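Undergrad: Below: one structure in structure tokens.
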Amino acid sequence: MKKTWILLLLVFILAGCQQGSSIEIDPLIPTEDALVQTLDGGWVATWADEFNGSSVDETKWNFEVNGSGGGNNELQYYTRENATVEDGKLVITAKKEDYLGKSYTSSRLTTKYKGDFLYGRIQVRAKLPTGRGTWPAIWMMPTASMYGGWPDSGEFDIMEYVGYNPGYIHSTIHTDIYNGAEGTQIGYAYHMDGIEDDFHTYDLIWEPGRMVTYIDGDQIGEFKYNAYFNQDYTYDQVFPYDQQFFLILNLAIGGNWGGVEGVDTSIFPTTFEIDYVRYYQKDLATEDLSVPSTPSNLELARLKNSLIWQASTDDTGVEKYLIIVDGTAYEYTNLNQYVFKNMTVGQTYEIEIVAYDLAGRRSSTSQPFDFTFR
């Protein structure tokens, strides 16, 4: 939940065609906790919390207990006591009270190691707090940070809200190249009168190379990786969302963004209420009906010893590409860019690429490309 001062309405574009085929795939097993186990489009709930118990389910959630300010100079101390389950809802309450050197208390919960997700659909129904100084968020951080510490391994903010700017919510990504510390993050703002007055459903649909957020079915923002636009960088510097992420729910007070116009002390206590959290996956047994399209248009990128190509398309998503060098399987890459290393300088190699979808179906092999290592 880093600061989102500048909104860059920047869309990454992918294109392609597809072919048809089919294989046997085992069906998904829905979670018993989900009241709505399926959604149109073949989405099956495989992890959920409906908050029907009497307390926070710690088989699904962790409490972060600290006064570190969230890395954003926030004013609260996060405790366990400020998160309760009441009438089928998770209620995070921010209070004005002196506690261990802080002037406010609140709660922050995560699903790390208890709900770690890669691709699919995350749906959260929630009601926002009101008042200047509040900063609630529904967001995600990488479980293993496979590309390094923040922002290199990415952050995805499904929904952020700052109380001094009522009626607006924000969806934002932070990566090595596009991040809030440098004011280059990519984000969208969405306006709705009275958005704080009722519960709304916040959705993220996450596919390889593409993430789209919604409120009540209306699109907030779309984020796509575009190898041609970003050919000066490795794909993980731009779009490191090919690894597991966990979910975070919190209500911050003040901070670098939430506290820009100060804090209205008369609003406390104030609450961030969550009706449910659900994670869906595609039922590949019924939804994946075709093989990926063949990778095409291989070409050198500006980044040294790097190739890019037209991304393949598929009905449920292209998970990875196999790089073939001189007729031999060489390595996989998760998006449509690859940087070669440890080859012989000046030697020319024949490169071919095959795409694989989430069900393991493979495309035809691309046309060969002659690549000279520099």
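The values are calculated or read from the model by the stated rules, or taken from the named source; none is laboratory data. Everything quoted here is computed from the prediction, not taken from an experiment. Because the Cβ atoms are built from the backbone with ideal geometry, glycine has one as well, and the counts that use them run over all protein chains shown. Side chains are part of the model used for accessible areas, which takes the heavy atoms of the whole protein and leaves out ligands, DNA and RNA. Shrake-Rupley method; radii C 1.70, N 1.55, O 1.52, S 1.80 Å.
Undergrad: List the aspartates and glutamates whose alpha-carbon lies under 13 Å from that of residue 95, not counting same-chain residues fewer than 8 positions away?
TA: Residue 95 reaches 81, 264.
Undergrad: Going by Cα centres, the range 271-290 and the range 131-196 are how many Å apart?
TA: 21
Undergrad: Given the options 109, 298, 100, state which has the largest fluctuation in a GNM of the chain using a 10 Å cut-off (strictly under) for Cα springs.
TA: Evaluated over the chain, the most mobile residue of the options is 100.
Undergrad: If you don't mind, another one. With all protein chains present, how much of the accessible area of the range 52-127 (probe radius 1.4 Å) comes from carbon and sulfur, to the nearest whole percent?
TA: Numbers: 1450 of 3450 Å².
That fraction is 42 percent.
Undergrad: State, to one decimal in nm, how far the label point of residue 100 lies from the label point of residue 145, with both points 7 Å from Cα in the Cβ direction.
TA: Output for this residue pair reads 2.0 nm.
Undergrad: Give the separation of the Cα centroids, the range 49-106 to the range 331-351, in Å.
TA: Cα centres, the range 49-106 to the range 331-351: 48 Å.
Undergrad: Now for a different question. Once the piece of chain linking residue 347 and residue 331 is laid out straight, how much longer is it, given 0.36 nm per residue of separation minus the C-alpha distance between them? Could you put the intermediate results ahead of the total?
TA: Details: separation 16, 0.36 × 16 = 5.76 nm, distance 1.86 nm.
Extra length available between residue 347 and residue 331 comes to 3.9 nm.
Undergrad: Ignoring ligands, DNA and RNA, what accessible area per residue does the chain give at 1.4 Å, in Å²? Don't skip to the end; give the middle numbers.
TA: Values: 15230 Å² over 374 residues.
Per-residue value: 41 Å².
Undergrad: May I have the extent of the alpha carbons of the chain along their three principal axes, as whole Å values ordered from largest to smallest?
TA: 69, 43, 35
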